[in-house]
Amino acid sequence: MENLLAGVQMLARWDVALALLVGSIGGVIVGAIPGVGPAVAIAILLPATFAFDPIVGLTVLLGIYGSSMYGGAIPAVLINTPGTAVNALTSYDGYPMTQNGEAHRAVSLAYSASFWGGIFGILCLILLSPVLAIIAPMFGSREIFLAALLGIILVILAHRGQIMAAGLLAMFGIFLQTVGLDAVTYTPRYTFNLSFLSSGVNLIVVVLGLFALSQAFFLLTAPDESPDAKPVAGRMSAGFRELLKHKRVATVASSFGVILGMIPGTGEFTAQFMSYTYAQKTSKTPEAFGKGSPEGLIASEAANNAVPAAAMIPLLALGIPGEALTAMMLSVFYVHNVIPGPQLFQNNIDLVYGLYVALIALNVIVMVFLLFSTNLLTKIIKIPTRFLGILILILSFVGVYSLRNSLTDCMIAAGFGVLGLILKRLNLPIVPIILGMVLGGIMEVKLRSALPRLNIPLDMIDRPIAMIIFAMIVLVIALHIRTLITEFRAPGAEDDHAIHDTQQR
């Protein structure tokens, strides 16, 4: 309780409160505009957050991360165009409800389910904190190395049907983080006698290129569109009453979000797919799914909004991000020399609980904002896509240049922007590159730290936690090989995962 009160006091600072307000409302707006998304917004804002205190910078990013899915449900329900990628499943039942004249019911249900999932995920995070504080110090260099390796494997295996491409892109990300001067021997690695590569490839430059600039290029090269969403009449709080009729579905979906959010590489898509499948199989009206089922809408929104809080667990406890957005947040910690992991719960517990309270507050702020501003957001949806592309392009280059006042960084970012555009056109994943850079750096540092203590390779797993993580790695790979063999023997089985594959891509 004392730590929780310290977190509340930290949030009471005017700069933190302002950051939370801007991040929360800004995230809703960003999520409501198709073609932008939280990854683009966070990538653009990332350089600016380095000038703030850690709690201020992280609060802005958490606000965007946690609230964008609320806004993303609006165009998914009203115009069948998800505001963010993770709201795609929401449109399966939300848009048919709109076509049936129940737009108000669909939007209010989406808000209510999102709030339920968000608060459920945060409460689970807070309850798990004492366990994290006990377990985290037990992780040494070899355990964190193995955990990071497990994270990369899970990220690769999560891209079903694209595992080879995801693996190669993850290895490319690992290679990128090795470019520059070696941190121990200060010898150049893969610089090819180019002076601008001596300082390495900056993660933020790559993030801005792959996410922000690639999206700008994508919007500028696509036909110009101005989506049209009609205003919604009615009280937005009505969805809470209907949600209580389906509280079992909402709770189970939120649980899927929490469990899968803690596992690197799985996240919202897998949580949505599993919760949606569960809701359909246990429903009294399974034939209504895909045609305007409130249970399907609740399952989708509750699951994806429970993930952000759960995704903070491996980030805070081990310093291991599970997906691109938490990888971006990790850079804010590093800039301020606050290293997530075992020491964070011992030395910066106030910061940890400050983030917990911020997550609760952002959900409340977003719900209050949405109750009165849904129709205003329907007007924002109409912004022309090419105008958005130009705006993102300008802001991205400003952000890149502000990092080190370097035109070289701008050119490198532009190169990665083109690479990101190519990957999008080829329907290939971008996230493995970023996680390869982040997790590859962690693996290199921890492996070097662990090697002097090892006499033989088996010493790497001679401790209980290391042995457990290694067993998980073997189990994950074995289960995947078994799945491949099963699918090879029964090719028609892949049809059962068609929705999941579409969402992942």
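Based on the Cβ-Cβ distance from V474 to L127, what FRET efficiency comes out when R0 is 35 Å, to the nearest 0.05?
Numbers: r = 30 Å, r/R0 = 0.86.
The value I calculate is 0.70.
For Rg and Dmax of the Cα atoms in Å, the choices are [x] 31.2, 105; [y] 22.1, 70; [z] 30.8, 100; which was calculated from the structure?
Given [x] 31.2, 105; [y] 22.1, 70; [z] 30.8, 100, the calculated one carries the label [y].
Taking a cut-off of 16 Å, what percent of all Cα-Cα pairs in region 44-125 are separated by more than that? Each step should come with its number before you reach the end.
On the way: 1917 of 3321 pairs.
That tail contains 58 percent of the Cα-Cα pairs.
Using the Cα gyration tensor of region 306-347, with a ≥ b ≥ c the square roots of its eigenvalues, what is the shape: rounded (a/c below 1.5), prolate (a/b larger than b/c) or oblate (neither)?
Numbers: a/c = 2.42, a/b = 1.31, b/c = 1.85.
Judged from the Cα gyration tensor, region 306-347 comes out oblate (a/c at least 1.5, b/c at or above a/b).
Could you calculate the FRET efficiency of R463 with K382 from 1/(1 + (r/R0)^6), where r is the beta carbon distance between them and R0 is 45 Å, rounded to 0.05?
Efficiency, rounded to the nearest 0.05: 0.20.
Given I263, V338, L318, which one lies farthest toward the positive end of the charge dipole of region 237-347, if we put +1 on the Cβ of every Lys and Arg and -1 on the Cβ of every Asp and Glu?
Ranked along the dipole, the leading option is I263.
Taking K and R as +1 and D and E as -1, what net charge do the other residues with C-beta under 12 Å from the C-beta of V184 add up to? Present the calculation step by step, with values, prior to reporting the outcome.
Working: positive: R189, R448; negative: D182, E444.
Result for the local shell: 0.
What percentage of the solvent-accessible surface of the chain, computed with a 1.4 Å probe over protein heavy atoms, is contributed by carbon and sulfur atoms? Could the numbers behind the result be given before it?
Details: 14570 of 21330 Å².
Roughly 68 percent of what the probe reaches on the chain is carbon or sulfur.
Filter the chymotrypsin sites (Phe, Trp or Tyr not before Pro) in region 336-385 to those in DSSP coil with at most 10 other Cβ atoms within 10 Å of their Cβ, and list the result. It would help to have the intermediate numbers written out before the result.
Working: sites: F345, Y353, Y356, F369, F372; in loops: none.
Counting only loop positions with at most 10 other Cβ atoms within 10 Å, none of the chymotrypsin sites (Phe, Trp or Tyr not before Pro) in region 336-385 qualifies.
Kindly report the accessible area of region 310-349 per residue (heavy atoms of protein chains, probe 1.4 Å, no ligands, DNA or RNA), in Å². Mind showing how you got there, number by number?
Numbers: 1100 Å² over 40 residues.
Counting only protein heavy atoms, the per-residue value for region 310-349 is 27 Å².
Classify region 326-394 as rounded, prolate or oblate, taking a ≥ b ≥ c as the square roots of the eigenvalues of its Cα gyration tensor: rounded when a/c is under 1.5, otherwise prolate if a/b is larger than b/c and oblate if not.
Numbers: a/c = 5.50, a/b = 1.66, b/c = 3.31.
Verdict is oblate for region 326-394.
What does the C-alpha gyration tensor say about the overall shape of region 237-333? Classify as rounded when a/c is under 1.5, otherwise prolate if a/b is larger than b/c, or oblate.
Details: a/c = 2.93, a/b = 2.27, b/c = 1.29.
Cα axes put region 237-333 in the prolate bin.
When ranked by the protection proxy of mean other Cβ atoms within 10 Å per residue, highest first, what sequence do the peptides 17-28, 382-393 form? Could you put the intermediate results ahead of the total?
Numbers: 17-28: 22.1, 382-393: 17.4.
Peptide ranking by packing, descending: 17-28, 382-393.
Do you know the Lys pair count in the chain for C-alpha distances under 25 Å, with sequence separation 8 or more or different chains?
Summing the qualifying lysine pairs gives 11.
How much length, in nm to one decimal, is gained on full extension between A288 and A17, taken as 0.36 nm per residue of separation minus their Cα-Cα distance? Before the final figure, lay out each step's value.
Values: separation 271, 0.36 × 271 = 97.56 nm, distance 4.29 nm.
Stretched fully, the A288-A17 segment lengthens by 93.3 nm.
Would you mind checking the tilt of helix 54-78 against the longest principal axis of the Cα atoms of the chain, expressed as 0 to 90 degrees and rounded to 10?
Compared with the principal axis, the helix lies near 40 degrees.
Which Cα, out of A133, V364, A299, lies furthest along the positive dipole direction of the chain (beta carbon charges, K/R +1, D/E -1)?
Positive-most Cα among the choices belongs to A299.
What's the center-to-center distance, using Cα atoms, between region 78-134 and region 296-375 in Å?
Using only Cα atoms, the two centres lie 16 Å from each other.
Would you mind computing, in nm to one decimal, how far apart the modelled labels at T486 and L454 are, each placed 7 Å from Cα along Cα→Cβ?
3.3 nm
Taking the solvent-accessible surface of protein heavy atoms with a 1.4 Å probe, what is the per residue accessible area of region 167-212 in Å²? Mind showing how you got there, number by number?
On the way: 2310 Å² over 46 residues.
Solvent-accessible surface per residue comes out at 50 Å².
The values are calculated or read from the model by the stated rules, or taken from the named source; none is laboratory data. Only a predicted model underlies this, so the values are computations on that prediction, with no experimental measurement involved. Heads up, the Cβs are rebuilt from the backbone with ideal geometry, glycines too, and the neighbour counts pull from every protein chain shown. Heads up: the accessible areas ignore ligands, DNA and RNA and are worked out on the full protein's heavy atoms, side chains in. Shrake-Rupley method; radii C 1.70, N 1.55, O 1.52, S 1.80 Å.
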